[in-house]
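Since the structure comes first, as structure tokens, the remarks are kept for the end.
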Amino acid sequence: MTIGVLALQGAFVEHEVMLQRLGVDYVELRQSRDLERPFDGLILPGGESTVMGKLLRELSLFELLKQRIQGGLPVFGTCAGLILLAEEVEGGNPCFGTMNIQVKRNAYGRQLGSFHTEEKMEGLGKVPMTFIRAPYIEAVGPRVKVLATVDQHIVAAQQGNQLVTAFHPELCEDLSVHQHFLSMLS
């Protein structure tokens, strides 16, 4: 099993460390020729969603990745990655638009609004959740399963082959969210 990690900007190295801890191979996706390498799933890391969207288009990654996601490639978006997958983005434009969710960007405020908590995530029990200038999901479509909420805001969801979290599981020691994503590949 090999996971493609979008490595344009943001917290991609932290996801790679989690994959290494789980004994999973990965490839960094930085330009269109990187898509020629085989990979079984995709991680869209946290970072700056506007910058990532712009780079995806400039580097000719956007259309090919969107086609693969729509074709069933399992994808895990954290924070900015969640925003990239959303059909509707308050205060911004959709990027891939493949997941039937409406997202509020920077919902928890600026950097000073960052926080850490532990909450239950369906099927996983309590998981540590680190929020940094995080979005949350305001609304979900009928095919979307809500997996976790914090203060009545949706912070994790799944729709078919797409898993999203508003928090950064890659910044904690707990491997359960990444293990859940990898289970989607079987």
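Bear in mind that the values in this text are calculations on the coordinates, not laboratory data. Predicted, not measured: the structure shown is a model, and the values here were computed from it. Every residue, glycine as well, gets a Cβ built from its backbone with ideal geometry; the counts of neighbours run over all protein chains shown.
Annotations
- Rg(Cα)/(2.2 N^0.38 Å) for segment 2-183, N = residue count: 0.93
- Computed [θ] at 222 nm, deg cm²/dmol, the chain (DSSP H ≥ 4; -39,500 (n - 2.57); rounded to nearest 500): -6500 deg cm²/dmol
- In percent, rounded to a whole number, the relative contact order of the chain is 18, using alpha-carbon pairs under 8 Å and six or more apart.
- Ordering of 120-127, 10-17 by packing is 10-17, 120-127, highest average first (other Cβ atoms within 10 Å, averaged per residue).
- Spatial separation of Cα centroids for segment 114-186 and segment 53-75, in angstrom: 22
- Rounded to whole Hz, the Karplus (6.51, -1.76, 1.60) HN-Hα couplings of segment 136-148, x for glycine and proline: 9, 8, 7, 7, 10, x, x, 8, 9, 9, 6, 9, 7
- Segment Glu173-Val17, extension gain: residue separation times 0.36 nm, minus the distance between their alpha carbons: 55.1 nm
- DSSP bridge orientation in the chain - percent antiparallel, rounded to nearest 5: 50
- Förster radius 22 Å - calculated FRET efficiency between Glu90 and Asp151, Cβ distance, rounded to 0.05: 0.80
- Lys-Lys pairs in the chain that are eight or more residues apart or on separate chains and whose Cα atoms lie under 20 Å of each other come to 5.
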